[in-house]
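Trainee: Below is the structure I would like to discuss, written out as structure tokens.
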Amino acid sequence: MWQARQVSATRTLMSLMIDIRKLGLFNQMAKEGGNTVANHLSQMTGMETEMEITKINFIDIPDIKTHVGDEKQIGISIEMVEKPHGHILFLFNARSAKDLAHGMIGDMGETDPNANGFTDMERSAIQEIGNIMTSGFIDGWANVLETTIDISTPNFTFGPGSGMVDQLVGGRDNEMALMFDSRVHALDSDINVKVYTFPELEELVDLMQRIEV
């Protein structure tokens with residue numbers, strides 16, 4: 001039994017080996033995805049936004065949950081239904097969601113930045129912003145990987161961030177995930193959107209191996 005596990009682990013490590021010259025693709029994917037999201041948000045809300053990459057790590061899934069924390073947040077997640085498969089999770093607090101919605105709606109509809117809860121128009125705006133963020137991020141990845149990546153309809157959740165991570169990747173056979181931890185924030189506001197991506201490692205490496213550098 002131990003020998004079988006060792007063979008399986010060796011095969012996994014071999015499948016994750018990548019030309020060192022291609023490691024820069026990880027940064028390109030994070031930058032392209034985040035910049036696309038920031039540009040789309042700027043166009044939709046009229047706010048100047050920018051993207052900051054904070055971490056790109058191979059990390060144990062329990063540690064990811066600890067990193068994300070138990071604070072209740074708004075989560076928008078999508079599943080990649082084509083290679084490299086996996087999930088992407090956007091997290092932001094209620095204040096950021098309200099500010100984004102107000103930036104998009106402006107004076108055209110009912111918004112109250114100081115009210116508890118969300119109006120129907122604010123919810124609709126947040127959902128549309130979620131659609132744009134998720135599709136924009138994946139478009140950035142697809143450009144770098146020179147492929148197309150189809151995605152599921154975005155799923156909206158409110159609750160502890162750690163619980164969302166557990167729901168998305170807690171059932172994976174492997175105990176590690178590649179975590180891109182990026183932040184998109186507005187320069188003149190407290191808006192802060194955190195982006196966590198969990199691609200299937202072997203499939204991502206396979207796509208990267210095909211790219212000429």
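Trainee: At 7 Å along the Cα-to-beta-carbon direction for both Q28 and F158, put a label point, then send me their distance in nm to one decimal.
Mentor: 4.1 nm
Trainee: Rounded to the nearest 0.05, what FRET efficiency do N131 and D188 give with R0 = 25 Å and r taken as the Cβ-Cβ distance? Could you check?
Mentor: Taking R0 as 25 Å, the efficiency between N131 and D188 is 0.55.
Trainee: Stretched out fully, how many nm does the piece from K72 to N57 gain, at 0.36 nm a residue minus the Cα gap?
Mentor: So the extension gain works out to 3.0 nm.
Trainee: Next question, about the same structure. At 0.36 nm per residue, and after removing the present C-alpha to C-alpha distance, how many nm does the segment from S124 to Q167 gain when stretched out fully?
Mentor: Net length gain for the segment: 13.0 nm.
Trainee: I'd like the FRET efficiency for E203 and E50, computed as 1/(1 + (r/R0)^6) with the beta carbon distance as r and R0 of 41 Å, rounded to 0.05.
Mentor: Working: r = 30 Å, r/R0 = 0.73.
Calculated transfer efficiency: 0.85.
Trainee: How would you order 37-50, 138-151, 91-104 from highest to lowest mean count of nearby Cβ atoms within 10 Å?
Mentor: Details: 37-50: 18.6, 138-151: 17.1, 91-104: 21.0.
Output ranking for 37-50, 138-151, 91-104: 91-104, 37-50, 138-151.
Trainee: Accessible area per residue, 1.4 Å probe, Å², for the stretch 31-168: what's the number?
Mentor: 49 Å²
Trainee: Quick one: check the C-alpha center-to-center distance for the stretch 25-44 versus the stretch 146-213, whole angstrom.
Mentor: For the stretch 25-44 versus the stretch 146-213, the Cα centre distance is 13 Å.
Trainee: So which of K72/K194; K31/K98; K72/K98; K98/K194 end up more than 19 Å apart by C-alpha?
Mentor: On the way: K72/K194 14 Å; K31/K98 26 Å; K72/K98 15 Å; K98/K194 16 Å.
Where the Cα-Cα span goes over 19 Å, the pairs concerned are K31/K98.
The values are calculated or read from the model by the stated rules, or taken from the named source; none is laboratory data. Since we're looking at a predicted model, the values are computed, not measured. Backbone-built Cβ (ideal geometry, glycine too); neighbour counts: all protein chains shown. Surface areas here come from the heavy atoms of the whole protein model, side chains and all, with no ligands, DNA or RNA. Shrake-Rupley method; radii C 1.70, N 1.55, O 1.52, S 1.80 Å.
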